[in-house]
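Read through the structure below, which is laid out as structure tokens, and then see the notes.
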2 protein chains.
Amino acid sequence: MRADTAAIRRFNRTVTRRLGVLNEKYLGRDRPLVESRMLFEIGSSGATVRELRERLGLDSGYASRLLRALERKGLAATSGSAGEDGRVKHVRLTRSGHAELRRIDALSDDLAQSMLEPLTREQAARLVAAMTEVERLLRASGIEMTPVDPYGPNAQWCLGRYFEELASRFPEGYDRGADVAAGLDEFRPPEGCLLLASLFGESVGCGALRVLTPRMGEIKRLWVSPQVRGLGVGRRLLETLEQAARERKLRCVRLDTHESLAEARQLYRTSGYREIARFNANPYAHHWFEKILE
Amino acid sequence: MRADTAAIRRFNRTVTRRLGVLNEKYLGRDRPLVESRMLFEIGSSGATVRELRERLGLDSGYASRLLRALERKGLAATSGSAGEDGRVKHVRLTRSGHAELRRIDALSDDLAQSMLEPLTREQAARLVAAMTEVERLLRASGIEMTPVDPYGPNAQWCLGRYFEELASRFPEGYDRGADVAAGLDEFRPPEGCLLLASLFGESVGCGALRVLTPRMGEIKRLWVSPQVRGLGVGRRLLETLEQAARERKLRCVRLDTHESLAEARQLYRTSGYREIARFNANPYAHHWFEKILE
DNA sequence: CGCATTTCCTGACTGTAGTCAGGTATTTCT
DNA sequence: AGAAATACCTGACTACAGTCAGGAAATGCG
């Protein structure tokens, strides 16, 4: 473990210095770096102020001021009420804003190329491969699990995606009404729990626990965004929910799943769950599992 | 190549965000980040102000002010003339400075661990391996080749290391006096050229070109610091020197090498040099090479 | 409807990072 | 010895990044 730590610290040091220098040199030419990032985040299709604030992690006042700066320079335009919610403002790039974005894009490409240029063909290939791996695993390790209120907007968004996915993957379709065995209230503390997995502020997965009997819990709504599949998020959600169950003094947790969700079944099997007989009336379930918590 | 660029940009984005957040959280707790880096660079054995300025890439005024700040906080002490050069000041950590450095060290370790902690054992191992590779290759790609004055301090330092290495590797030893066939003046533009390879401002290699006849050049003093061997620095130096020879309208370049420098001979062979008969009276040479420049 | 909340905005403020122009010792070059 | 260069310092300044308090408009809830 000691050697790992040293390797990571060396990585941290080298990469921070190298990327810092390059970012300044290429992207911070005659514009504050945040402004470049803001332009990038607005993107060619525009965005709401709220989205920008969240993605960039900015204070609302600061974000507003940055947008005003971009407006003054004629790069972006905020249109008032876009029909839906009159408070939410939409930002789009102007014509010259688009040009500027393309310029930033080209510079980013140059930056990337400048990293490869001094290397041999073989070294370049190895660097790209290693970077891809680091990026993937760093995303995995940056994902945080936090208990949230089931009625909050992020939770609602995740659950929405979850139901959408069921609808698209079940051959027979999915009707949310037929499965409201568990109401949202059941996922609220202190009895239940709804976990959100998020990466840089963006929700990328969820999972819920509710209490069936004083000794038994049920895990439901386990979903992982397609963007981050294969990174072990599902397993971490599951383990964290089991931990929540232990804290609630539950002796075992149960869950059910649909025939067509093979990877979920695989996850449960390799996580210490054993298949049991039907324990509920869920019309969409074909397999039932249970795990005894130590 | 397009795909490579995209991968690098994703890497850049993810890593900058992740390390930025972590660095702030762990190292910038109640102290400006530069101050932490300064403490780290002073280290347990102290350093001169000049070294600190170079390693951190700071303006001299700024560096001075940071040191004053550390002094005020009782973390560092600058001692005036240390015997040698009265202008150069030496900085050392005080007792509480050492304690603070240990604290920062521990935090850096925590930071490293926090990146591994959410991952499975296997993922962690892969992340460390990939990071090691990225760090290595990023160092390689960050190395810059610049022509310098042979009498400058960095050039002198590199040449010194070069001669030291010869002395330690030649079984018969090495006497600099016996080999001053090439005086430093011959490496000055516009005829000759001395290249320095540097990484983040630190010199890590050198190589020189001098003109033998109007059509023929000679490459000398090719040296690569042990820290960066295996990264292709020698080959890049060689190629850059050949380019310099081409710009001087030379038709071929020659060089000689000692029996005991096997890796150098290997480099020359794989770079298009062919072995020729003795062309000089260098008592330390056993092999002579030539390359025709197109 | 009235009140709380949300979304965005503005103004005032702080801290960090860094530059630039000069100034004083000390050393090196000639 | 005198001039030029070097190493460090000081003071004044700028840009960038970000926080905090509060306010106006729109929306949601009871």
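The values are calculated or read from the model by the stated rules, or taken from the named source; none is laboratory data. All of these numbers come straight from a predicted model, not from anything done at the bench. For neighbour counting, all protein chains shown are included, and Cβ atoms are generated from backbone atoms with ideal geometry for every residue, glycine included. For the accessible areas, the whole protein counts, side chains as well, though only heavy atoms, and no ligand, DNA or RNA atoms are used. Shrake-Rupley method; radii C 1.70, N 1.55, O 1.52, S 1.80 Å.
R0 = 60 Å: FRET efficiency of A:R274 with B:F279, Cβ-based, nearest 0.05?
It comes out at approximately 0.15.
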**Message:** I'd like the accessible area for A:H258: 1.4 Å probe, protein heavy atoms, all chains in place, Å² to the nearest 10.
**Reply:** 10 Å²
**Fill in**
Taking alpha-carbon centroids only, the stretch A:52-80 lies from the stretch B:79-115 a number of Å equal to 41 Å
**Prompt:** Residue by residue, what Karplus-based ³J(HN,Hα) values in Hz, rounded to whole numbers, does the stretch B:236-243 have, using 6.51, -1.76 and 1.60 with θ = phi - 60° and x for Gly and Pro?
**Reply:** 5, 4, 4, 5, 5, 5, 4, 4
**Request:** Show that you can apply the helix-only estimate: for chain B, add -39,500 (n - 2.57) for every DSSP H stretch of four or more residues, divide by all residues, and state [θ] at 222 nm to the nearest 500.
**Result:** -16000 deg cm²/dmol
**Request:** Find which of A:A281, A:F11, A:Y268 sits farthest along the positive direction of the dipole of chain A, computed with +1 on the beta-carbon of Lys and Arg, -1 on that of Asp and Glu, about the Cα centre.
**Result:** A:F11
**Fill in**
Under a 1.4 Å probe, counting only protein heavy atoms, A:W157 has an accessible area in Å², nearest 10, of 110 Å²
**Fill in**
Once the dipole of the stretch B:96-254 is set up from charges on Cβ (+1 Lys and Arg, -1 Asp and Glu), the residue from the list B:L101, B:C158, B:A130 lying farthest towards its positive end is B:C158
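Nearest 0.05, what FRET efficiency do B:A106 and A:E239 give at R0 = 35 Å with Cβ-Cβ as r?
Efficiency, from the Cβ-Cβ distance: 0.80.
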**Message:** Between the stretch A:215-247 and the stretch A:133-158, how far is it from one alpha carbon centroid to the other, in angstrom?
**Reply:** 12 Å
**Fill in**
The answer for A:A285, listing residues at least 5 apart or on another chain whose modeled amide H is closer than 5 Å to its amide H, is none
**Fill in**
Distances in nm between the label point of A:T78 (7 Å along Cα→Cβ) and its equivalents in the other copies, shortest first, are 4.6
**Complete:** Spelling it out for A:T94: with amide H atoms placed in the peptide plane at 1.01 Å from N, the residues 5 or more places away or on another chain with amide H under 5 Å from its amide H are A:A76, A:A77
**Asked** Size of the stretch B:2-118 along its principal axes in angstrom, Cα-based, largest extent first?
**Response** 56, 32, 20
**Request:** Quick one: among B:V128, B:V233, B:V15, which has the greatest mean-square fluctuation in a GNM of chain B with alpha-carbon springs under 10 angstrom?
**Result:** B:V15
**Message:** Please compute the contact order of chain A in relative form: average sequence separation of alpha-carbon pairs under 8 Å and at least six residues apart, divided by the residue count, as a percent.
**Reply:** 11 percent
**Asked** Roughly how tilted is helix B:2-27, in degrees to the nearest 10 and between 0 and 90, from the longest Cα axis of chain B?
**Response** 40 degrees
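For chain A, how many pairs of lysine residues have a Cα-Cα distance under 26 Å, where the two are 8 or more positions apart or belong to different chains? Present the calculation step by step, with values, prior to reporting the outcome.
Numbers: A:K25/A:K73; A:K73/A:K89; A:K220/A:K249; A:K220/A:K291; A:K249/A:K291.
Taking chain A as the scope, the lysine pair count is 5.
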**Message:** Modelling each spin label as a point 7 Å along the Cα-to-Cβ direction, I'd like the A:R246/A:Q113 distance in nm, to one decimal.
**Reply:** 5.4 nm
**Prompt:** Taking Cα atoms, how many degrees apart are the long axis of helix B:95-116 and the longest axis of chain B, rounded to 10 and kept between 0 and 90?
**Reply:** 80 degrees
**Request:** Indicate the gyration tensor shape class of the stretch B:144-292 (rounded, prolate or oblate), computed on the Cα atoms with a ≥ b ≥ c the square roots of the eigenvalues: a/c under 1.5 is rounded; otherwise a/b larger than b/c is prolate and the rest oblate.
**Result:** rounded
**Using θ = phi - 60° and Karplus 6.51 cos²θ - 1.76 cosθ + 1.60, couplings along the stretch A:49-57 (whole Hz; Gly, Pro as x)** = 4, 4, 4, 4, 4, 5, 5, 8, x
**Message:** Running a GNM on chain A with Cα contacts under 10 Å, which residue among A:R87, A:R37, A:R65 ends up with the highest mean-square fluctuation?
**Reply:** A:R87
**Request:** Could you point to the residue in B:V49, B:V34, B:V91 farthest towards the positive end of the stretch B:2-118's charge dipole, with +1 and -1 charges on the Cβ of Lys/Arg and Asp/Glu respectively?
**Result:** B:V34
**Message:** Running a GNM on chain B with Cα contacts under 10 Å, which residue among B:T78, B:T14, B:T146 ends up with the highest mean-square fluctuation?
**Reply:** B:T14
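Test of understanding: express the Cα radius of gyration of chain B as a ratio to 2.2 N^0.38 Å, with N the residue count.
1.23
State whether the protein assembly as shown is rounded, prolate or oblate according to the following rule on the C-alpha gyration tensor (a ≥ b ≥ c being the square roots of its eigenvalues): a/c under 1.5 gives rounded; otherwise a/b larger than b/c gives prolate, and the remaining case gives oblate.
Working: a/c = 2.14, a/b = 2.06, b/c = 1.04.
Here the protein assembly as shown falls in the prolate category.
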**Prompt:** For label points placed 7 Å from Cα toward Cβ, what is the shortest-first list of nm distances from A:A6 to its copies?
**Reply:** 3.9
**Item:** Cβ-vector label at 7 Å, A:G230, separations to other copies in nm
**Value:** 2.9
**Complete:** If every Lys and Arg gets +1 and every Asp and Glu gets -1 at its Cβ, then about the Cα centre the stretch B:2-118 yields a dipole, in debye to the nearest 20, of 400 debye
**Prompt:** By residue number, which cysteines of chain A lack any other Cys whose Cβ falls under 4.7 Å from their Cβ?
**Reply:** A:C193, A:C252
**Request:** At a 1.4 Å probe radius, which order do B:I104, A:I276 fall into by accessible area, largest first?
**Result:** A:I276, B:I104
**Request:** Round to the nearest 10 and report in Å² the accessible area of A:K220, as given by a 1.4 Å probe over the protein chains' heavy atoms.
**Result:** 20 Å²
